[in-house]
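Below is one structure, written out as structure tokens; comments come after it.
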Amino acid sequence: MHVFTLSDYLKQEFGTKVYKLSLSSGCTCPVRDGTLGTAGCAFCSGGGSGDFAEPFRPVAEQIAAAKRRVDAKFPRGIPAGQRKYIAYFQSFTNTYGSPERLRPLFAEALAQPEIVALSVGTRPDCLPPEIVSMLAALSRTKPVWVELGLQTMHEHTARAFGRGYALPVFEDAYRRLKEAGLCVIVHVILGLPGESRRDMLETVRYLAALRPVLDGIKIQLLHVLEGTALGEQYKRQPFPLPSLDEYCRLVADCIALLPPETVVHRMTGDAPKRLLLAPAWSADKKRVLNTLRRVLSQRVPGESPEP
């Protein structure tokens, strides 16, 4: 089974290996600052899902530090001056602020010659027209991706983890972003409490049916983390989580539902080992990736998942 991965896409677009630099914009989140709540989403760590991002400081300093983190991953044949990166503003909600403050941050990142694209992680309810217009203007210099944290299409699950917006809000934001010519990537979490396999596949079917076609998807395993509401719930009364094999088969089923042009940006994800409560198998990334490769290689092309 062929998967159109982010690595494939980046080599196709830029002709070489490209790495993301995880950065911070200094934004918070409406479910943390009291606008919609103060606890954040139940699964979200104190780092705002950006535990590996650089701390907020001048953008050039963040980029320099983030490059030092990833440069060892580049093939030896690519000298420092020819390495390419994506500026990924990852932690918290990176459009939760005024265009006057955010535009200079994003523009400074895009101005660096080694930066080939900007990726902005955010929420669908934090994309007013002036922010979308600002991102669209920036995209006229280099590609701009907007990453939306949907996680699930199911309202009962979203209410349980405190997402703070309803599905029509996502649909409106998606439409406006695509009309503005922006690339949209959607985050999905597999393994949320109370969701069945059918529920999770319904979310991916819903995304696969979006028009215009979804540019990219991030499929994320639910990590139960210390210091989160979900972590406290798990310690009081553990809820079921998928085994490694179950998860990998589910990922294969999800990918089988996607349009061939949708780029798969992620199939699992990392959690800080110091915070990880469950599932324990997810800490062994090499084993996870090897199992994913095996399951995907054994998948018959065109085989549809069970209902």
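Relative to the current alpha-carbon distance between Q237 and F56, full extension at 0.36 nm per residue lengthens the span by 61.6 nm. Residues whose amide H lies under 5 Å from that of V186, counting only those 5 or more places away or on a different chain, are L148, G216, I217, K218; hydrogens are built 1.01 Å from N in the peptide plane.
Dividing the mean sequence gap of close Cα pairs (under 8 Å, 6+ apart) by how many residues region 113-186 holds gives a relative contact order of 41 percent. Figure legend: label point modelled 7 angstrom from the Cα of E202 along Cα→Cβ; residues of region 221-261 with amide N under 17 Å from it are 254. Note: relative contact order over region 3-108, using C-alpha pairs below 8 Å and six or more positions apart, is 41 percent.
Once backbone amide H atoms are built at 1.01 Å from N, T28 has T93 as its partners under 5 Å, excluding neighbours fewer than 5 places away on the same chain.
Report summary: the helix-based calculation at 222 nm, which adds -39500 (n - 2.57) for every DSSP H run with n ≥ 4 and divides by the residues of the chain, gives -11000 deg cm²/dmol. A protection proxy built from the mean count of other Cβ atoms within 10 Å ranks the segments 268-277, 195-204, most packed first, as 195-204, 268-277. Our coupling estimate for region 132-146, obtained by passing each phi through the Karplus curve with A = 6.51, B = -1.76, C = 1.60 and θ = phi - 60°, is 4, 4, 5, 5, 4, 5, 4, 5, 7, 9, 8, x, 10, 10, 10 Hz, Gly and Pro reported as x. Close amide H pairs (under 5 Å, H built 1.01 Å from N) link T5 with V264, residues at least 5 positions away or on another chain. Counted over region 156-307, the DSSP beta bridges are approximately 20% antiparallel. Sorted on the mean count of surrounding Cβ atoms within 10 Å across their residues, most packed first, peptides 153-162, 102-111 read 102-111, 153-162.
FYI, it's all coordinate maths here, none of it is from the lab. Keep in mind the model is a prediction, meaning the values are calculated, not measured. Every residue, glycine as well, gets a Cβ built from its backbone with ideal geometry; the counts of neighbours run over all protein chains shown.
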